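Report on the following structure.
The values are calculated or read from the model by the stated rules, or taken from the named source; none is laboratory data. Treat the numbers as computed from the prediction; the structure is a model and nothing was measured. Cβ coordinates were reconstructed from backbone atoms using ideal geometry, including for glycine residues, and neighbour counts include every protein chain displayed. When the accessible area is computed, the model is the full protein with side chains, heavy atoms only, and any ligands, DNA or RNA have been set aside. Shrake-Rupley method; radii C 1.70, N 1.55, O 1.52, S 1.80 Å.
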Amino acid sequence: MKKKYIIAGNWKMNPQTVEEAKRIATQVKKVAIKTKKIETVACPPFVYAHLVNIADAFSLGAQDVHFEPSGSFTGEVSAEMLKSVGVKYVIVGHAERRKMGDTDETVAQKVGAVTGAGLQPILCVGEKERDSNGDYLGVLKNQIIASLGKLARKDVKQLVVAYEPLWAIGASSAMTPADVRETALFIKKVLSDTYGQEYALSVKILYGGSVTFKNAKDIVALGQVDGLLVGRESVNPEGFNLILKEIDGI
Ligand code: PGA
């Protein structure tokens, strides 16, 4: 059977109440449960994670993690804790977390902690800007390699990479499918050069940045990616459900 697309919702610091979180999850569940080609992933804020009833309809994700297993790290949450409340995927190195202090080194430690706990990291990478010389490709390559750190070849199969060019996050329009395709191929090449083709091919590549139901299908079908990381539209159940329907119809 063909691998399923991953459509992951990064709820960020939304919504404001647990009642609203449950409402969003219940609405999305109605469509997610009927899809055949999609693994839907919801990444709510930590406090809502185990309260959102999503069993059977979609997988649970987290938006960040600390790299240490336990101890004196006020305000932090470990990979084992996330696992114990049913989390399967963990977003690591999102641009907004990098802006708040995550470096390639700490991102690599987090990737190691997540895979070590048997969970799947959704590693976010993306250039700040594009230049006409193609220098951004070198930036992207270095970021990918540094963010993976010492990730062992055996753990590469757990990896998901979300390509999110910074200029397309929270923007008015997404990247063109042609550019998504070119960059996804480049990311696969970097992974292949690092881990070998067989391992690289097992890594799902997602696109993120201003995805809506209007552009979702073209980005996945023409951009040839394995799914999407959706921000704003993930807490708008009507819009998110339309994205699910569009992708399930490919
Ligand atoms: P956006 O966010 O869909 O609102 O652009 C994407 C993300 O930050 O993951």
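Figures for the structure shown
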| item | result |
| --- | --- |
| Within the accessible area of region 5-248 (1.4 Å probe), percent carbon and sulfur | 53 |
| Euclidean distance of C-alpha centroids, region 196-250 and region 88-134, integer Å | 18 |
| Hits among lysines - C-alpha to C-alpha of LYS110 under 20 Å, sequence gap 8 or more where chains match | LYS12, LYS83, LYS88, LYS99, LYS141, LYS150, LYS154, LYS157, LYS204 |
| Region 5-248 - Kirkwood radius from inverse mean 1/r over Cα pairs (Å) | 17.9 |
| Charge context of LEU123, other residues only, Cβ under 13 angstrom, K/R +1, D/E -1 | -1 |
| Estimated FRET transfer efficiency when R0 is 25 angstrom, pair LYS88-TRP167 (beta carbons, to 0.05) | 0.25 |
| Protection-proxy order for peptides 84-94, 165-175, 98-108, each taking the mean of Cβ atoms within 10 Å per residue, highest first | 84-94, 165-175, 98-108 |
| Calculated FRET efficiency for the pair MET100/LEU51, C-beta based, R₀ 25 Å, to 0.05 | 0.50 |
| Accessible solvent surface per residue of region 45-156, calculated while the other protein chains remain in place, 1.4 angstrom probe, Å² | 50 |
| Choice from GLY61, GLY134, GLY118 showing the highest fluctuation, given a GNM over the chain with Cα pairs closer than 10 Å | GLY134 |
| Three semi-axes of the equivalent ellipsoid, region 1-57, Cα gyration tensor, whole Å, largest first | 22, 12, 8 |
| Neighbourhood charge, 14 Å Cβ-Cβ cut-off, centred on PHE73 and excluding it, Lys, Arg +1 and Asp, Glu -1 | -3 |
| Region 131-195 - Rg (one decimal) and Dmax (whole number), Cα, Å | 13.0, 39 |
| Backbone N under 11 Å from the ALA152 label point (7 Å along Cα→Cβ), restricted to region 81-117 | 116 |
